[in-house]
Amino acid sequence: MKKTGFLSAAAAMILSACASTGNVGGNANAPLFDYSGDQNYVSEKNALPSDATNQASGLKQNWWQETAFYHIWVKSFADSDGDGCGDLKGIEEKLDYIKNTLGCDGVWLSPVFDCAGKGTALSNNMHGYDTTDYYSLNKLFGTDKDLESLIASCHKRGMQIIFDFVPNHTSSEHPWFKDSVKGGKYRGWYMWSDTQLAWTPMGHPGTWFLSKGQYYYGAFGGGMPDLNYRNYEVREEMKNVVRYWLNKGFDGLRIDAAIYLVEEDGNYANTDETHKWFQELRAELDKYESPKFMVSETWITSNRDVLNSYLGNGKEFHAVLDFDQGTPVIDSVSRSKDSLVSSLRANPAPGQGYGTFLGNHDEYAGRFGLTLMNDRKKINLATALSLLRPTIPFIYYGNELGQKESSMGGDLRLRGPFLWELEAEQEKEFNSTLNLNHTLLSLRKSYPGIFSAGSAKKLSSSQNTLAAYELSGAEGTLLCVYNLSDTAVASASFTGAKQASASSVLLGDTDAPAAVFSGSSVTISNLAPFAFRVYYLGSGSLKNLYDDETYVAGEKYKAAKDNKPVYIPAESMYLRGNMNGWGGTKMRRTVDKKSGDVIWMGSYTFEWSGLAEFKFCINDGPVWGSNWGKSDGSNITMNVDKGTYLFQFNETQLTHSVTRQ
């Protein structure tokens, strides 16, 4: 479910609306959408590209197109000093794992700047997107020297490292905002209005918050007020923040919540003014001798043109994170049905890329190890579907192991400790998810023209449990074939294929019969359940890199005994749906005496008849927490009549039943 922001309790009280645009506080002659501030402003910490140190050497332009990025939640990855909090030294100690064992040559750090919600080393709720000082590191993560050492160690290994930048808003605890509240020199750095406005960038109206008689704007809640990018000083200061950290050796940055940066009258996301500032920032990156990389979090799935607009025809972001390519992968595997038709896309143009992934730190998707019931075959199938495409891969820490979610609530369940014991086990297993990731990332390096600048062509099949596509580029063509079902397939035919006189298996069953090409069709034989296979189309005999497929005619796949659904103990469970306006009906926890399964029970009385939809969720707050609906992530729907129904949710097996009482 798309994130709706971190709303404070005050948000529920802000329901009124006003047609007035209001004024920037303290100056009745400065309308909210007019520019203000000193156009010649220079930051007190002025940083120039010519002052850069600790830079990577020998990088070619667009190096990022051939890079696989490892997305690290710093707090949870590697703890070097035993204080319970991951840190920069811990990451440096694990660089050989990231580079050699896994195969990623890029690192993306979650926010490392000082923030308001960090609490102590053992606090669970620190996310870092509430910045209190853009020029200081979070002390729980380490010192400037620790960071400089980490960056230098990355460069020594031929790795690049980028930081997470949050330009849209600060914490309400930031000194700039505290001064703004008092009417000081930073007053115009935030947006103030005499009246409470009804801006709804993410669908909820609670975005203007009262302080000392006036209202300030915070798209992500009262605790994270938006900066005013119609102030020249803000525009320059935030560009300077980027230069400051690039000067320390970072090779680029990921920009959070990019679509909400600059508001226009009646339009609060994806504005022309937002694009204008990012183009200005890109011009700053282009001044560096060592090529820099800028990728955006642009959470847009409904309009491809809007998403592509952030690439700015090569003058804005180098790449955009493509949220539309990951969920169909998990959906295809969990439902055993090809859902890839509209979402299989290659990098759009030279020097422009799509970042693809199967999960991150947000409520984009749960860890797919849980969604796919801890089943290695399914997890590996989803991994192959994700990495075998001509885009820029981003692997969220732990997903290379098929790591399960933690027992914490909300999106904290996605940010649990990295399971190093599991990593050690998987290093020893040739067909582990970790070793498959390594193989696929190695394959990408062997065919850089295909995976960085190639094209993708979807093939057609009469069976929706089968999928295939071709990847073509400088090194030739790869044919990727998938059996999404739990049943062995003797023969699979696809149309729209490239004619080939010969082929070699790079991944899959070495003993399988050769692919047969006829006109525009290709026939693949002897696909095992949940198998994937990659062919190189052309003459020559190439080495098979990964064979974990054994075909048995008529075989019906059964998960191994150790592939049981992952049980995550929850302290509470709520029945949520349109039956009660998406409020929560608390359920009662029981344990089945025979199986030991945890089952939650709750009743609801319908005063109407018709179609109802619902989910099971561990909380009933304003932001969705860990929740379960159908396997594809959608809500459960059913027709009901007036009366009382008993809802039962088996948390251990992730199944449910509804009976009328």
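Computed quantities for the displayed model
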| item | result |
| --- | --- |
| Which listed residue is over 30 Å from ILE151 (Cα atoms) and free of Cβ contacts under 8 Å to residues at least 60 places away in the same chain, from ASN267, ASN228 | ASN267 |
| Check on TRP245, in a helix (DSSP H, G or I), in contact (Cβ under 8 Å) with a residue 40 or more places away in the chain and not polar (S, T, N, Q) | yes |
| Selected residue (criterion: farthest from LEU321 (Cα to Cα)) from residues of region 137-181 that are open to solvent by less than 10 Å² (accessible area, probe 1.4 Å), part of a strand (DSSP E or B) and not hydrophobic (A, V, I, L, M, F, W, C) | HIS169 |
| Of all residues making up region 160-194, the number that are touching a residue at least 40 places away in the same chain (Cβ under 8 Å), in contact with a Ser or Thr (Cβ under 8 Å, 6 or more places away or on another chain) and of a type in the set (A, V, I, L, M) | 1 |
| Subset of region 481-492 (residues that are touching a helix residue (DSSP H, G or I) at 6+ places or on another chain (Cβ under 8 Å) and either without any contact (Cβ under 8 Å) to a residue 12 or more places away in the chain or part of a strand (DSSP E or B) (or both)) | TYR482 |
| Among (1) farther than 19 Å from GLU284 by Cα; (2) among the aliphatic types (A, V, I, L, M); (3) modelled with pLDDT of 95 or more - the single one ALA198 does not satisfy | (3) |
| In region 76-116, the residues that are touching a residue at least 60 places away in the same chain (Cβ under 8 Å), open to solvent by 20 Å² or more (accessible area, probe 1.4 Å) and not in a helix (DSSP H, G or I) | ALA116 |
| Considering residues of region 544-561 that are touching a helix residue (DSSP H, G or I) at 6+ places or on another chain (Cβ under 9 Å) and open to solvent by 40 Å² or more (accessible area, probe 1.4 Å) only, the residue modelled with the highest pLDDT | LEU545 |
| Single residue of region 493-526 satisfying the filter (part of a strand (DSSP E or B) and among the aliphatic types (A, V, I, L, M)) that is most open to solvent (accessible area, probe 1.4 Å) | VAL516 |
| Qualifying positions in region 60-75 - part of a helix (DSSP H, G or I) and surrounded by fewer than 22 Cβ atoms within 10 Å (Cβ to Cβ) | TRP63, GLU66 |
| Hits in region 371-386 - residues which are in a helix (DSSP H, G or I) and either of a type in the set (Lys, Arg) or open to solvent by less than 10 Å² (accessible area, probe 1.4 Å) (or both) | ARG376, LYS377, LYS378, ILE379, ASN380, LEU381, ALA382, THR383, ALA384, LEU385 |
| Residue that is surrounded by the most Cβ atoms within 10 Å (Cβ to Cβ), among those in region 343-370 that are outside any loop (DSSP other than H, G, I, E, B), in contact with a Pro (Cβ under 9 Å, 6 or more places away or on another chain) and not aliphatic (A, V, I, L, M) | GLY355 |
| For PHE494: the one exception among (1) of a type outside the set (Lys, Arg); (2) farther than 30 Å from PRO350 by Cα; (3) at pLDDT 95 or above | (2) |
| Failed item, numbered, when GLY26 is tested on (1) more than 23 Å from VAL295 (Cα to Cα); (2) of a type outside the set (Ser, Thr, Tyr); (3) modelled with pLDDT of 95 or more; (4) open to solvent by 50 Å² or more (accessible area, probe 1.4 Å) | (3) |
| Conditions (1) more than 27 Å from SER442 (Cβ to Cβ); (2) without any contact (Cβ under 8 Å) to a residue 60 or more places away in the chain; (3) assigned to a strand (DSSP E or B); (4) touching a helix residue (DSSP H, G or I) at 6+ places or on another chain (Cβ under 7 Å); number of the one not met by ASP133 | (4) |
| Residue match in region 458-480 (condition: in a loop (DSSP other than H, G, I, E, B) and surrounded by 20 or more Cβ atoms within 10 Å (Cβ to Cβ)) | yes |
| Of all residues in region 306-342 being part of a loop (DSSP other than H, G, I, E, B) and within 16 Å of the chain's Cα centre (by Cα), the one that is surrounded by the fewest Cβ atoms within 10 Å (Cβ to Cβ) | ASP324 |
| Count of region 585-608 residues which are more than 27 Å from ASP641 (Cα to Cα), in contact (Cβ under 8 Å) with a residue 12 or more places away in the chain and outside any loop (DSSP other than H, G, I, E, B) | 1 |
| Close pairs (9 angstrom Cβ cut-off, 6 or more residues apart or separate chains): at positive phi in region 520-548, open to solvent by 40 Å² or more (accessible area, probe 1.4 Å) and outside any loop (DSSP other than H, G, I, E, B) anywhere | ASN526/ALA490; ASN526/SER491; PHE530/LYS378 |
| Condition met for TRP277 (open to solvent by 10 Å² or more (accessible area, probe 1.4 Å) and either more than 14 Å from TRP64 (Cβ to Cβ) or within 24 Å of the chain's Cα centre (by Cα) (or both)) | no |
| Pairs, first at positive phi in region 311-327, second open to solvent by 10 Å² or more (accessible area, probe 1.4 Å), C-beta under 8 Å, six or more apart | GLY312/HIS275; GLY312/GLN279; GLY312/ARG282; GLY314/ALA349; GLY314/GLY351; GLY314/GLN352 |
| Residue check for GLU148: among the charged types (D, E, K, R) and under 21 Å from PHE69 (Cα atoms) | yes |
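The values are calculated or read from the model by the stated rules, or taken from the named source; none is laboratory data. These figures come from a predicted structure and were not determined experimentally. Glycine gets a Cβ as well: all are built from the backbone with ideal geometry, and neighbour counts include every protein chain shown. Keep in mind that these areas ignore ligands, DNA and RNA; they rest on the heavy atoms of the full protein, side chains included. Shrake-Rupley method; radii C 1.70, N 1.55, O 1.52, S 1.80 Å.
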